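Derivation of every value follows stated rules applied to the coordinates shown; laboratory data play no part. Everything numeric here is computed off the predicted structure, so don't read it as measured data. For neighbour counting, all protein chains shown are included, and Cβ atoms are generated from backbone atoms with ideal geometry for every residue, glycine included.
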Amino acid sequence: MAVTTTSSLSDAVRTMYEKTWLEALRDKFVFLDFTDEYPVDKGFGPVVTFRRWTALTADSARQGGSAGDVMNTLTEGTPPDENNLAVETLNVSVGQYGNFAKITDFLGATFINGYSKLINEAIDNLAHQAGDILDRVVRNAAVLASGSPVSLYGNGKSAGTITDADLATMADIRKLVRAHKKAFVPYYDGSNYVLVLNPSTSYDLLGESGSGSWMDANKYTSATPAHAGELGKMFSVRFVESNNVTSGSSNTITTTTGVFQNVFLGKAALGTVAIKDVTPGDRVEMKHVNIIIKDAGSAGTADPLNQLLTVGYKFNFAAVRLQASRVINYFSGATA
């Protein structure tokens, strides 16, 4: 990440602005934190190539095989036939994103060569917006990808019949887990899948009562959060909230208002351009992101009286659904 400015900033001030940006930006990440990141060179675009592998199977009939049905056995002294690894390339268009804010010289110009609380607050606000954009791009790769996405509708309904009265249930969660397991989708973290859900969905799910419900199960188990917005773990699922999980009125999959399109993920389901980078000293930075600060008067005739300075950001980014079978769109209604 780079902070560029038309005035000279000390390394200490530059580092402080970067720290503010990084903390505010990462605060908005939910979808992005559950993706596979692909490193790309600086200045990439307008198309970036992702790769996905075809899984190797242990036998030709992984379900319902006869007793003792085992494949890939070796004959003494005889090398087996090799496996042919299959890889598919996915070319994805890159988007360029950015925005800026104007600050008058009356408020900000006297501080431009040193630390400015006002500029720092502007960076904080812009970083929250940028983080939201990054997360929405990943969300769109999950829910708006071409083809026929794998879907589960609450209360046994279908795309044409589900309504806001068909609330999320733990029975549906078990169905999601069953679907991924039957499709041999690997766990995201080795022992759990991930369900990103809207707060309206989690409100109903956590309030469900009765045998097998969230409240019933958590009388006996620990649900310690491990991620910002994470509610807990049950049935091999990590539950994570995001306001970027959309309702039916704001996506192209369904037109039902009040029905939320929650996203159930396995391992390597989504891919993104690597936006995070760990530098020497274990310092986490943002790659391909530029913070741009321009002093009053730097715009020439566009700022004839040297009255305006600007603070902005710009970055390139792309996301893709790598494995269609590893993403399930879980549609559920909500009481509010």
Residues with amide H under 5 Å of residue 241's amide H, sequence separation 5 or more or different chain, H placed in the peptide plane at 1.01 Å from N; which?
197, 230, 231
How many nm separate the modelled label positions at residue 306 and residue 4, each set 7 Å beyond the Cα in the direction of the Cβ?
2.3
Can you give the relative contact order of the range 286-336 as a percent, counting alpha carbon pairs under 8 Å and 6+ residues apart?
33
So, in nm, how far is label residue 81 from label residue 128 when the simple model puts each one 7 Å beyond its Cα toward the Cβ?
6.0
In this structure, the FRET efficiency calculated for residue 298 and residue 23 from their beta-carbon separation, with R0 = 35 Å, to the nearest 0.05, is 0.80
Applied in sequence order to the range 176-192, the curve 6.51 cos²θ - 1.76 cosθ + 1.60 (Karplus, θ = phi - 60°) yields integer Hz couplings, x standing for Gly and Pro, of 4, 4, 4, 4, 5, 5, 5, 8, 6, 7, x, 4, 4, 10, x, 8, 9
With respect to the cross-link table entries 19/233; 28/182; 157/267; 28/294; 233/287; 28/267, which display a Cα-Cα separation exceeding 24 Å?
19/233; 28/182; 157/267; 28/294; 233/287
Simple label model, 7 Å out from Cα along Cβ direction - residue 314 to residue 228, nm:
2.6
